Amino acid sequence: MFLSILKLFAGSHHRRFLRKCAPIVKRINALETEYQKLSDDQLRAKTAEFKARHAKGESLDALLPEAFAVVKNAARRLCGTKAVVCDHELAWEMVHFDVQLIGGIALHQNKIAEMATGEGKTLVATLPLYLNALTGKNCQLVTVNDYLARRDSEWMGHLYRWLGLSVGCIQNQMPSEDRKAAYGCDITYGTASEFGFDYLRDNGMALSPEEQVQRDHYFCIVDEIDSILVDEARTPLIISGPVAEEREPAFPRLRQPVAGLVELQIRLVTRLMNEAREELEKLGEDKEPSADALDKLWLAAHGMPRNRIFLRLMENGRWRKALERHEGVLASEIEKDRRFHLKERLYFSVSERQHESDLTQLGRDTLRPGEPDAFVLPDLPTRYVELDRDETLTPERRAELRAEAEAAYAQVSEDIHAIGQLLKAYTLYEKDKQYVVHEGKVKIVDENTGRIMEGRRWSDGLHQAVEAKEGVALEKENKTYATVTIQNYFRMYEKLAGMTGTAETEASEFHDIYRLTVVAIPTHRPCVRVDDNDIVFKTRKEKYQFAIKEIAEAHRRGQPVLVGTASVEASETLGRMLAMAKVPHKILNAKHHESEADIVSLAGQRGAVTIATNMAGRGTDIKLGEGVRDLGGLYVLATERHESRRVDRQLRGRCSRQGDPGRSRFLVSLEDDLMRLFSNAGIISSLLEKSFKEGEPLEHPLLNRSIGTAQKRVEGQNYSMRKRLLQYDDVLNQQRQIIYGLRNRALKAADSRATVLAVIEEEIEERLAAVYPDPAGEADRRAAEAFVYWYITAFHMRIDLEDILARTKDQMVLLATDRVRALQAGREQHESAEILQYLERNVLLRAIDRNWQNHLTEMEDLRRGVGLRTYAQKDPLNEYKAEAFKAFERLMQQLRTDACAGLFRTATSMEALEALMRRAQGQATATGPAEPGTGAATESKPAQAPKAEPFRRLTPKIGRNAVVRIRKGPETQDLKWKKAEALVRDEGWEVAEVLSE
Ligand code: ADP
């Protein structure tokens, strides 16, 4: 009831939109008829005219009818000409249809235009891109792959260029000058990852403004928006590099023991299943399985859900139902103990649905006999309290014991985590399904497309766990330099819009996350596709046999068939079966976009049989060959229901384009993952019981409903996973924006010195705030001493304690900052202004990058850590937010400290550095009367012999073989200067003492 009201409502908003568009479309067409009278040059001149009018304040909305009419008219004039697209000549024969104009309006209004395949979305995008490019800002179009970016930019480029706009396209591996040129164009085509990575490089890594390639995040149309914002959005974009510090990962050490444990569990479950099978097979039709047998099934479901015998047994609807009831009983609160004891018969439990695994007590005992606490996290807070209360401890000893406790905690938590990941790697991740091993590397296979996702890694150590399992070299966990989720990347655009054949099922997600509404654009011609009911089979084998028969028949008739599969493996199996049945066919699995686009485009020819994974060849439409229309058009036969209804609709939509005839059907078996995991076995099995005989398929509208329900459940689960990822990333996103903002200011500042000094001043002020508890009052002596010490180590200059005591905070801030300014200005005697500017900018960039990267790592650890904390019944997200906030404050503080420490630690030569040190000394001795604002005057003062002890230590002329003690935080090292120099210059170490000259 509620649903149908919603539908009505949704329908009304589509209708309202269409009603509003009608007069605009009429006007566009009227204008276009008028424009037909213009000469080519006159029409072209419109572009400049519109730009000028917009610059004078006319809104894009007001310009829309004219601009669209110009584009449409230009398309008309181009008919009969040829465009060169991907090295082939292509005749231009398109003039925008009315529905395409409506689609264009929707895009301009930041909506998602749902347009069926074959409706010509590529052409639709030209209208709003042209209009929005009149602003002079970079307008972008996101395609699903590189090939389409190139194809569409060249194809539509024919039109844009005629109109006087420039078009570029971004390709993988393109050098940065070419990228910059492409973004410099009015309109730029490219994939989401290329755009996202460019953003990360521009904002997180570029060392000069010239290195940045993007110019605007203004207007962006995302083609196949569902695929990009929904399917791809679960893996964030990450730029990373190897980690410097090395801690031995736990995986190699734990691999053997965990493999042993898995082996034990396999044997256990196999034995249980053999026993259960024996009992069940003897059972009469009317008898219920014993509680013991059900317990065994339950154990398999929770211990080895992919055990073959178990899966076989579950094909029987009665037993399946019985297990489900049993599961329900055990899940109840009253049966908690029984459930617990049952689970304790296993070594570990795995949940296929949640992708989780957990050791049981039996498992722990087996891994570490006699050490019941080996995998229990120590209770740190209690230990802290204990140590604090123990008065026999010296402070040093207490600190030592604290550190020990922390190390033990870290070790155990790492082990628990590693074991969990290894268990998942062994039980839930199958080689050649979720991943392949290729040239000694574990590579992820995209579950939707079967494509290998080059360069991407599972996060959180899972990848290493799989590497350990496969016995290949563990790749070092990389340190994240920069990361952003696809969602957050696209939320940056001022105006975002999208196109797809299938958005309705995810409409609420688009609305909630991106504030995008979906409008269904009517088709140019009515759709006459026939969608048949699903057919359900008991086993996969029967399903495939039916599919082969069906395909062979269609092939004989001459009707082309597009066979959809859910995985590469399935498409290959089907391919083999077809070969045996001597049916010629082509297989696509989204590995080679370009050749695939060619093959797919031929899939509508007479007698063609094309097997494709869901995504293969997406974005290319299938035209019918001669005579195929009379045979019923293209037949889409899908051999599995996908987790998401949207992907299924996408597949269906590949036939019956532009009013063509066509037909689609889905085949399903009870062995399919979706059915196994999520279907409402109740309905299915009751239907099955009544009418299912061995080898007999089942077809019923009720089944479609129940499958749809299963899909909705998975969609819901996936949506909440994406939302969760986003909620976590939102925290980081705000911080990222602050940091990137700061970084860009540092990068682009005309006056680099002022920028760095502003940061330094802030730090000085912050520190002096502690010195003057009451800003108008007296200084605190102890705090002032600490300040003097810090000032010396940071800037190599001394400030007299008496000075501080005699001045107010504001005076002191000015004085202390001015000294730094003066010293820096004085460096111009030894270094060129350009070099100094470079150094100043770099001091900040380094401080920002180093701290931000550490922060990213810290946040990753934090996320992992809060997961463990859910035991304490706190909301992990809130915990995460609170901790993230604190971590960010520390980051900002450390960043400023580093900027201070870095300024006088870099020079282009040792001589310049030494000159700087000498002058620092000179300045320091001239403290007394130095007035704020007269820093330059101190320059001319002769360098005097240092009078205070610390100076000799801090600013010696250090010989290359001198031994120095350097310090960074609590750490110290004694090294020869020739080694230490680089650390001091680049890594933020400071010289504490010269031990021998
Ligand atoms: P979609 O991405 O919506 O599936 P495409 O943009 O690939 O569709 O276009 C599908 C086909 O329709 C293309 O071959 C294109 O040449 C054709 N087409 C699109 N618009 C028009 C039009 N206005 N007139 C004639 N043919 C068109």
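Points to keep in mind about this one:
- Accessible carbon and sulfur surface of segment 722-860 relative to its total accessible area, %, 1.4 Å: 50
- Inverse of mean 1/r across different Cα pairs in segment 79-156, Kirkwood, Å: 13.5
- Total formal charge among the other residues, if their Cβ is under 14 angstrom from that of Met174, Lys/Arg +1 and Asp/Glu -1: -1
- Tensor-based shape of the chain (alpha-carbon gyration tensor, a/c under 1.5 rounded, otherwise prolate or oblate): oblate
- The eigenvalues of the Cα gyration tensor, multiplied by 5 and square-rooted, give segment 20-155 an equivalent ellipsoid with semi-axes of 23, 18, 16 Å from largest to smallest.
- Figure note: Asp531, Asp337 ranked by solvent-accessible area, largest first, 1.4 Å probe, ligands and nucleic acids not counted: Asp337, Asp531.
- Positive-end residue, segment 268-327 charge dipole about Cα centroid, Cβ charges, pick of Leu297, Ile309, Ala322: Ile309
- Per residue of the chain, the DSSP helices (runs of n ≥ 4 H) give a summed -39500 (n - 2.57) that works out to -18000 deg cm²/dmol at 222 nm.
- Reported value for segment 161-208: 79 Å³ per residue, from the convex hull of its C-alpha atoms.
- Solvent-accessible area of Glu278, all protein chains in place: 110 Å² (probe radius 1.4 Å, heavy atoms, ligands and nucleic acids excluded).
- Annotation: lysines with alpha-carbon distance below 20 angstrom to Lys287 (same-chain offsets under eight excluded): Lys296, Lys321, Lys690, Lys693.
- Efficiency of FRET from Cβ geometry, Leu877 and Ile738, R₀ 22 Å, rounded to 0.05: 0.60
- Solvent-accessible area of Leu18, all protein chains in place: 50 Å² (probe radius 1.4 Å, heavy atoms, ligands and nucleic acids excluded).
- Modelled spin-label separation between Arg965 and Glu386, with each label point placed 7 Å from Cα along the Cα-to-Cβ direction: 3.5 nm.
- One quarter of the surface of the convex hull around the alpha-carbon atoms of segment 222-348 equals 13.6 nm², the direction-averaged projected area.
- Note on Met174: accessible area approximately 50 square angstrom, rounded to 10, probe 1.4 Å, nucleic acids and ligands left out.
- Rolling a 1.4 angstrom probe over the protein heavy atoms with all chains in place gives the chain an accessible area of 46 Å² per residue.
- Members of Lys443/Lys469; Lys111/Lys712; Lys479/Lys979; Lys431/Lys543 lying beyond 20 Å, as alpha-carbon distances in this model show: Lys111/Lys712; Lys479/Lys979; Lys431/Lys543
- In a reduced charge model with +1 at each Lys and Arg Cβ and -1 at each Asp and Glu Cβ, the chain shows a dipole moment near 2420 debye about its Cα centre.
- Of the residues Val445, Ala503, Tyr514, the one whose Cα sits farthest toward the positive end of the charge dipole of segment 418-515, with +1 on the Cβ of Lys and Arg and -1 on the Cβ of Asp and Glu, is Val445.
- For segment 192-320, the share of accessible area belonging to carbon and sulfur comes to 50 percent (1.4 Å probe, ligands and nucleic acids excluded).
- Near Tyr635: Cβ cut-off under 9 Å, other residues only, Lys/Arg at +1 and Asp/Glu at -1. The net charge is +1.
- Per-residue accessible area (protein heavy atoms, 1.4 Å probe) orders Val376, Val258 as Val376, Val258, starting from the largest.
- Per-residue accessible area (protein heavy atoms, 1.4 Å probe) orders Ser351, Ser227 as Ser351, Ser227, starting from the largest.
- Counting DSSP beta bridges with both ends in the chain, the antiparallel % (nearest 5): 40
- Proximity of backbone amide H atoms, modeled 1.01 Å from N, is registered between Val964 and Leu975, Lys976, Trp977, Leu995 at under 5 Å, excluding neighbours fewer than 5 places apart on the same chain.
- Percent accessible area from carbon and sulfur atoms, segment 490-644, protein chains only, probe 1.4 Å: 49
- Sites Leu401 and Glu889 - FRET efficiency at Förster radius 35 Å, r taken between beta-carbons, to 0.05: 0.75
- Positive-end extreme of charge dipole, the chain - chosen from His463, Met273, Thr483 (charges on Cβ): Met273
The values are calculated or read from the model by the stated rules, or taken from the named source; none is laboratory data. Since the structure is predicted, the reported quantities are computational estimates derived from the model, not experimental observations. Positions of Cβ are generated from backbone atoms using ideal geometry, with glycine treated the same way; all protein chains shown enter the neighbour counts. For accessibility, only protein heavy atoms count, side chains too; no ligands or nucleic acids. Shrake-Rupley method; radii C 1.70, N 1.55, O 1.52, S 1.80 Å.
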